[in-house]
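This report concerns only the one structure given below.
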Amino acid sequence: MKFMLGLFLVMAMILSACGGDKQGKEQAVNSESQNNASQNESTEKKADAPQTADTKVVKYLDQEYTLPTKTERIVITGAVEAMEDSIVLEVNPVGAITFAGEFPPLFQSITKDAQSVGEKMEPNFETILSLKPDVILASSKAKPEVIEQLNKIAPTIPYSHISTNWESNLRLLGELSGKQEQAEKEIAQYKTDLDAAKSQLGDSLKDKKVVALRIRGGEQYIYPDAVFFNPVLYEDLGIAVPEEVKAAKAQELISKEKFADMNPDYLFIQFSPAENKETPDALEKFKNDPIMKNIKAFKDDHVFVNVVDPLAQGGTAYSKIQFLKEAVSHLTK
């Protein structure tokens, strides 16, 4: 009996130990399952949770810029091209460029509520900071250190000064201001007007030489065929490019004697008093110079001064729209 009782107790202890081990394993398995379920549930919640829309990525000229979702407060510094595009899309920047401390008549429609952020290439960083911009449009001609300083205030995009980028420029401003549809309409309308202009001109300028000239600091300058108003004349309207224009690498000073040798049939002159403060009579002197009297354009009364605002850059949507209309009107006279 003692032996049987002892054996029974030993068996009971073994069974108890086995049961405890099984229960421990079940608890461990249950605990791991609960942990995995909890992690999966957390992952699912993260995947299902709505993402915060604080920023957006804008692509422009093969670059990407991370900007606030809403870019309502736009500051323009240095980029006169962006100022012109703002006229087309009726965008009102909170900060804009002044000329001799004022907003000129050309930009008054978009600067009624704007503050000056300095002259063309002289940004006032303190004023820009105070305006709390969502995005800054600077000039692609700005120095790297200027762009770096502006980026410390707000995301900054170098706005292209290259004429061939006019469509990309307008689309960018349209995206920033929520006026993409209007930008596309303006681009399409220009192309429609261009087709009509080409039909109107026909072959009338086939053997004619047409030149756009700018007077700055009392001197006369010509530009490459892809700069100033030249893209409208040569690329868009298909007028033959003069050899002197082909040879120009940038803004190029041309003497009166050499210009007389060009002997254009039609001449468009842009003259801004702001760019000729020390030589305010430069235009009249140029027109009355005896050398000029022998040029075909002067003889035939085909010299046209400031057919668009003299501050217009030439390669923007605004410049192209306005110049195309005026150029065709004058070239058909």
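If only residues of the stretch 115-136 that are open to solvent by less than 80 Å² (accessible area, probe 1.4 Å) and of a type in the set (A, V, I, L, M) are counted, the one that is nearest to residue 147 (Cα to Cα) is 136. The residues of the stretch 309-333 that are free of Cβ contacts under 8 Å to residues at least 40 places away in the same chain and polar (S, T, N, Q), listed by number, are 322, 329. Within the stretch 168-181, residues that are within 12 Å of residue 72 (Cα to Cα) reach partners that are open to solvent by 10 Å² or more (accessible area, probe 1.4 Å) and part of a helix (DSSP H, G or I) with beta carbons closer than 9 Å, at six or more positions or on different chains, in the pairs 173/88; 174/180; 174/181; 174/182; 174/184; 174/186. For first residues located in the stretch 239-258 and closer than 30 Å to residue 200 by Cβ and assigned by the TED database to the domain that holds residue 227, partners that are aromatic (Phe, Trp, Tyr) and assigned to a helix (DSSP H, G or I) and lie 6+ apart or on another chain with Cβ distances below 6 Å form the pairs 241/234. Could you list all residues from the stretch 92-114 that are in contact with a helix residue (DSSP H, G or I) (Cβ under 8 Å, 6 or more places away or on another chain) and either open to solvent by less than 10 Å² (accessible area, probe 1.4 Å) or within 17 Å of residue 154 (Cα to Cα) (or both)? If the condition is that a residue be in contact with a helix residue (DSSP H, G or I) (Cβ under 8 Å, 6 or more places away or on another chain) and either open to solvent by less than 10 Å² (accessible area, probe 1.4 Å) or within 17 Å of residue 154 (Cα to Cα) (or both), then 93, 95, 96, 97, 107, 110 are the ones that fit. Among the candidates 172, 213, 150, the residue that is assigned by the TED database to the domain that holds residue 89, at pLDDT 95 or above, over 18 Å from residue 317 (Cα atoms) and surrounded by 20 or more Cβ atoms within 10 Å (Cβ to Cβ) is uniquely 150.
Counting only residues that are over 19 Å from residue 167 (Cβ atoms) and among the hydrophobic types (A, V, I, L, M, F, W, C), which one in the stretch 309-329 is surrounded by the most Cβ atoms within 10 Å (Cβ to Cβ)? Write out each step before concluding.
Taking the stretch 309-329 and keeping what is over 19 Å from residue 167 (Cβ atoms), we get 309-311, 326-329.
Filter once more, keeping what is among the hydrophobic types (A, V, I, L, M, F, W, C): 311, 327-328.
Numbers: 311: 19, 327: 25, 328: 18.
Filtering first and then ranking leaves 327.
One residue stands out among those in the stretch 179-190 that are in a helix (DSSP H, G or I) and closer than 19 Å to residue 71 by Cβ: the one that is most open to solvent (accessible area, probe 1.4 Å), which is 181.
Going by the conditions given, is residue 222 within 21 Å of residue 106 (Cβ to Cβ), crowded, with 20+ Cβ neighbours inside 10 Å and modelled with pLDDT of 95 or more? No: the conditions fail for residue 222.
Considered as a group, the residues in the stretch 191-210 that are in contact (Cβ under 8 Å) with a residue 40 or more places away in the chain and hydrophobic (A, V, I, L, M, F, W, C) include one that is surrounded by the most Cβ atoms within 10 Å (Cβ to Cβ), and that residue is 210.
To keep it simple, each residue is scored yes or no on (1) of a type outside the set (S, T, N, Q); (2) over 15 Å from residue 330 (Cα atoms).
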{"site": "260", "(1), (2)": "yes, yes"}
{"site": "269", "(1), (2)": "yes, no"}
{"site": "272", "(1), (2)": "no, yes"}
{"site": "305", "(1), (2)": "yes, no"}
{"site": "315", "(1), (2)": "yes, yes"}
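Based on this model, can you work out whether residue 263 counts as modelled with pLDDT under 95 and either closer than 13 Å to residue 211 by Cα or among the polar types (S, T, N, Q) (or both)? In short, no.
Among the residues here, residue 163 does not qualify as outside the structural domain of residue 68 (by the TED database) and either open to solvent by less than 40 Å² (accessible area, probe 1.4 Å) or at pLDDT 95 or above (or both).
The values are calculated or read from the model by the stated rules, or taken from the named source; none is laboratory data. Treat the numbers as computed from the prediction; the structure is a model and nothing was measured. Reconstructed Cβ throughout: ideal geometry from the backbone, glycine too, with neighbour counts over all protein chains shown. Surface areas here come from the heavy atoms of the whole protein model, side chains and all, with no ligands, DNA or RNA. Shrake-Rupley method; radii C 1.70, N 1.55, O 1.52, S 1.80 Å.
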